[in-house]
Amino acid sequence: MIRRIRSIGASRPRLRVIGWALLLAMICGLLEAAEPIEDMVKATRDLVRARPASGQIVVVKVDERTAQALGTLAFSRRYDAELLDRLFAMGARRVFLDRVYADRTSPAEDRAFAAALRRHRGRVFLGAIAGTDGELEELIPLPDFRSVAEYRSINGRPQPFSLGASLPFAVTIDGKTVPSMAAALAGQAPASQAYFRPDWSVRIASIPSFSFSDVLAGTVPAEQIAGRDVIIGWTAATLRDIHRVPYQGLQAGVYFHVIGAETLMRGTPMRLGWLPLLIAAFPLAALYLLSRRWLTRGLAMALAIGLMAPLPLYLDAQLVEVDVLPALLFLAVIGYQGTGLRRLETTRRSHPASALPNLVALIEEPEQGGTLVALKIRNFPQIAASFTTSVEGTLFREVERRIRVAGNPGPVYHGEDALFWFEREPLSHELINHIGGLHKLLTQPLRIEDRDVDLLVSFGIDVDRDRPMPSRVASATLCAEEAAQANDLWKVYDAQRLDKAAWELSLMGRLSAALDNGEVWVAYQPKVDLETRQIIGAEALARWNHPTAGFIPPDQFIPAAEAHNRIGDLTYFILRRALEDLAELRRRGHDRLGIAVNLSPRMLLDPAIVGEVVRLLSANGLPRDALTLEITETVDFLSSPTKVRTMEELAATGVRISIDDYGTGSATLEYLSRLPSQEVKIDRTFISNLDTDAQNMILVKSTLEMAHKLGRKVVAEGVENEPVMQLLKQLGCDVAQGYLLGKPVPFAQLTEMLDRDFPLEQRRLVIW
């Protein structure tokens, strides 16, 4: 915890950079300061996604050609009426006019136009304009026209600097909600009056378009109109309904309605704004800035770039509009400031002579652990004084190289006349042997500036991982100094655990004798069928009665045996004794009992384990399924092909495999389905208080359901009271084990218990 607090303190400049970058990005987003640039970015993405129009909407253009043919753009409404008749004769589905028709002309012309609208009632839609904050006056068609034809909004909202426009779904006109012309063309009747950005990836040039005069003259083939919606719009530049579309040039407003309709025909656009991408970029930027690993930083930046480029493109295609510039500004500030901070940090955390990480880097390293080793060059002052130039950097880099050659993969830290690094090994014979080998390597002469240099070194070792790093550095340095003064190779500092380490070493030194003279023996804890309450087997457990220390708990000597590579001797001892005792029980008539033996995951790397298990079963005349090997699930077997293969080979012999301590490690559904096991054993931490802990109840119930669906039996260990026993029975658990049913006992007591509970005439009725 202290190391974490110190790491946070060292990261305060980075946290300040994150805070300022976030503030700038939020100001940019809230004030929409970069909206024109954002529009260009969106337009660029539209260009990347460029696609043709669907062709379902045809534009009839009132263009310069029409003006030449009719003599004016202010032509008689009789031509409008004639055009409507011709379009419907050609098979048009609906016709929309991008014009309000709010002014009167001659009565004859207006009557002719109204008559045409009446002839095609319900299929012709006129334009209308909603008033907007005093900028636009509300305009609707004349009463004669709107009595025979509906109207639709032709409102639009230009973007700053004419970088596109947005359209409404609907507006309020004359007190009524009126769909926009784009929504009407798309066949929608929306209630929302929000604005949306059309999908400008649709190329305007691909929209079918014909001159008003050509349609009127009958030179446009009917198949170009039949079955399509038609919108009539004024495209002549003199009418000033011309707007700039990025990457598509100047375009008439009528095409905006078509692009809006093409958009709505694909779905309903959604605008998320700038906040989602900024939120998504925040953890990646923080990871980039706070991580000390270049691979992590590179991955974070790659993901951030992915957010800013491919993701918005994908969202655009889904009609989801996002703004990227606030997030880009945030990332740019983080990247720029992070580079400067990292440059300063490198200088602050590196030794100026060797360029190796210094003690500042060591002390601020948040996740370092293991055994800290200090290597002191005892004759460094004499070496440095014998050269006319500084050789400190060359000397310590060469020593660091030899440390790595000896097998240390982690960073090596340079502090004055000593180097520091971490070893994964705890205090053990292996660590001491490693230090001895490193000493031999370092005492070989070093070549510096054409001279051979002999080193005198000593080592200080600190094994207390719980103390603050400055204290550990001081302890290791002190031990190296004391070793140098005493002319020793190494000294260890561990005020609290040195005795424990020595005790474990002494235990492991005595283990072989203890296995031979009976100090280590096997206890058996019954396993009971929950349905019948009968003993169906037992788990073999190692016990140690030390001649001077008395009873040694298993959680002391078993982990020590694991750490010192003595677990094999202990396992084979338990396995031999358990199978011999099981054979004796079967000779007494208990021929359906099974025995369970714990198998360390380390043993799965032993190439002899499968053959030895089979040999011992055969030697005792036992069937293969009489033995259950309980393997703890604290190790992810799926990442170790060798262990999985050994389990498969054991299962193939007919031996039963049980996943022990389930729930405390890394087991998943995939884990259970892929491992060759017949049994799942739920750890006691979830069973002992099952009657009072609702969360444990949920876990146990789900485990039972999952295991049973996979064809596994379930054993619950740690059953200590009757309510828990009854709950397990109700949940459908198969087997129980715990103090309520029987404590671990010597073999003689187990035999008495079985003989008492199972008279001779019943012994062959027990089914495993």
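The values are calculated or read from the model by the stated rules, or taken from the named source; none is laboratory data. What you see is a predicted model; the values in this text were computed from it and never measured. Positions of Cβ are backbone-derived with ideal geometry, glycine not excepted, and every protein chain shown enters the neighbour counts. The protein model used for the area step is the full one, side chains on, heavy atoms only, and it has no ligands, DNA or RNA in it. Shrake-Rupley method; radii C 1.70, N 1.55, O 1.52, S 1.80 Å.
What to note about this one:
Here is a yes/no grid of residues against (1) under 30 Å from VAL215 (Cα atoms); (2) hydroxyl-bearing (Ser, Thr, Tyr); (3) modelled with pLDDT under 85; (4) not in a helix (DSSP H, G or I):
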position: ILE231; (1), (2), (3), (4): yes, no, no, yes
position: LEU264; (1), (2), (3), (4): yes, no, no, no
position: ARG271; (1), (2), (3), (4): no, no, no, yes
position: PHE282; (1), (2), (3), (4): no, no, yes, no
position: LEU289; (1), (2), (3), (4): no, no, yes, no
position: ALA300; (1), (2), (3), (4): no, no, yes, no
position: ILE305; (1), (2), (3), (4): no, no, yes, no
position: PHE330; (1), (2), (3), (4): no, no, yes, no
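- Taking the criterion of being over 28 Å from the mean Cα position of the chain (by Cα) and buried (at least 16 other Cβ atoms within 10 Å of the Cβ), the residues of region 705-719 that qualify are ARG712, LYS713, VAL714, VAL715, ALA716, GLU717, GLY718, VAL719.
- Scanning region 371-394 for residues that are assigned to a helix (DSSP H, G or I) and open to solvent by 20 Å² or more (accessible area, probe 1.4 Å) returns PHE380, PRO381, GLN382, ALA384, ALA385, GLU392, THR394.
- When the strands (runs of 3 or more DSSP E) confined to region 117-183 are screened for residues that are of a type outside the set (Ser, Thr, Tyr) and open to solvent by 40 Å² or more (accessible area, probe 1.4 Å), those reaching at least 1 such residues are found at 150-153, 176-179.
- A single member of LEU604, LEU616 is in contact with an Asp or Glu (Cβ under 9 Å, 6 or more places away or on another chain), more than 27 Å from GLY738 (Cα to Cα) and assigned to a helix (DSSP H, G or I), and it is LEU616.
- Selection status of LEU690, in contact with a helix residue (DSSP H, G or I) (Cβ under 7 Å, 6 or more places away or on another chain) and either surrounded by fewer than 22 Cβ atoms within 10 Å (Cβ to Cβ) or assigned to a loop (DSSP other than H, G, I, E, B) (or both): yes
- For TRP274, the criteria (1) in contact with a Gly (Cβ under 6 Å, 6 or more places away or on another chain); (2) among the hydrophobic types (A, V, I, L, M, F, W, C); (3) within 20 Å of VAL124 (Cβ to Cβ) hold in every case but one, which is (3).
- Sole exception among (1) touching a residue at least 60 places away in the same chain (Cβ under 8 Å); (2) open to solvent by 60 Å² or more (accessible area, probe 1.4 Å) for ARG397, by number: (1)
- From the options LEU579, LEU604, LEU593, residue that is open to solvent by less than 50 Å² (accessible area, probe 1.4 Å) and farther than 16 Å from ASP625 by Cα: LEU604
- Qualifying residues in region 516-574 (those that are β-branched (Val, Ile, Thr) and in a loop (DSSP other than H, G, I, E, B)) - the one surrounded by the fewest Cβ atoms within 10 Å (Cβ to Cβ): THR548
- Flag for PHE113 being without any contact (Cβ under 8 Å) to a residue 60 or more places away in the chain, over 24 Å from ALA189 (Cα atoms), open to solvent by less than 10 Å² (accessible area, probe 1.4 Å) and not in a strand (DSSP E or B): yes
- Of the residues PRO141, PRO168, PRO208, the single one that is in contact with a strand residue (DSSP E or B) (Cβ under 8 Å, 6 or more places away or on another chain) and either in contact (Cβ under 8 Å) with a residue 60 or more places away in the chain or hydroxyl-bearing (Ser, Thr, Tyr) (or both) is PRO208.
- Residue in region 555-562 that is aromatic (Phe, Trp, Tyr) and modelled with pLDDT under 90 present: yes
- Screening the candidates ALA261, ALA252 for the property of being open to solvent by less than 30 Å² (accessible area, probe 1.4 Å), hydrophobic (A, V, I, L, M, F, W, C) and touching a Leu at 6+ places or on another chain (Cβ under 6 Å) yields one hit, ALA261.
- Every residue from region 28-47 that is outside any loop (DSSP other than H, G, I, E, B), open to solvent by 50 Å² or more (accessible area, probe 1.4 Å) and at pLDDT below 90: LEU30, LEU31, GLU35, ILE37, MET40, THR44
- For SER192: the one exception among (1) at pLDDT 90 or above; (2) outside any strand (DSSP E or B): (1)
- Conditions (1) open to solvent by less than 60 Å² (accessible area, probe 1.4 Å); (2) more than 20 Å from TYR101 (Cα to Cα): number failed by ALA205: (1)
- Members of region 211-233 found to be touching a Lys or Arg at 6+ places or on another chain (Cβ under 6 Å) and free of Cβ contacts under 8 Å to residues at least 12 places away in the same chain, listed by number: none
- Of all residues in region 12-52, those that are over 22 Å from LEU315 (Cα atoms) and among the β-branched types (Val, Ile, Thr) total 3.
- Scanning region 79-98 for residues that are farther than 16 Å from SER211 by Cβ and surrounded by fewer than 18 Cβ atoms within 10 Å (Cβ to Cβ) returns ASP85, ALA89, GLY91, ARG93.
- For region 607-634, the tally of residues that are open to solvent by 10 Å² or more (accessible area, probe 1.4 Å) and at pLDDT below 90 stands at 2.
- Lone unmet requirement of (1) assigned to a helix (DSSP H, G or I); (2) at pLDDT 90 or above; (3) acidic (Asp, Glu) for GLU720: (1)
- Across region 8-27, not a single residue is classified as hydroxyl-bearing (Ser, Thr, Tyr), in a loop (DSSP other than H, G, I, E, B) and under 25 Å from ASN155 (Cα atoms).
- First in region 449-475 and on the phi > 0 side of the Ramachandran plot, second anywhere and outside any strand (DSSP E or B) and polar (S, T, N, Q), Cβ under 9 Å, 6 or more apart: GLU449/THR389; GLU449/THR394
- Where a residue in region 313-330 is under 20 Å from ALA21 (Cα atoms) and its partner, wherever it lies, is open to solvent by 40 Å² or more (accessible area, probe 1.4 Å) and at pLDDT 85 or above, with Cβ under 6 Å and at least six apart: VAL322/LEU272
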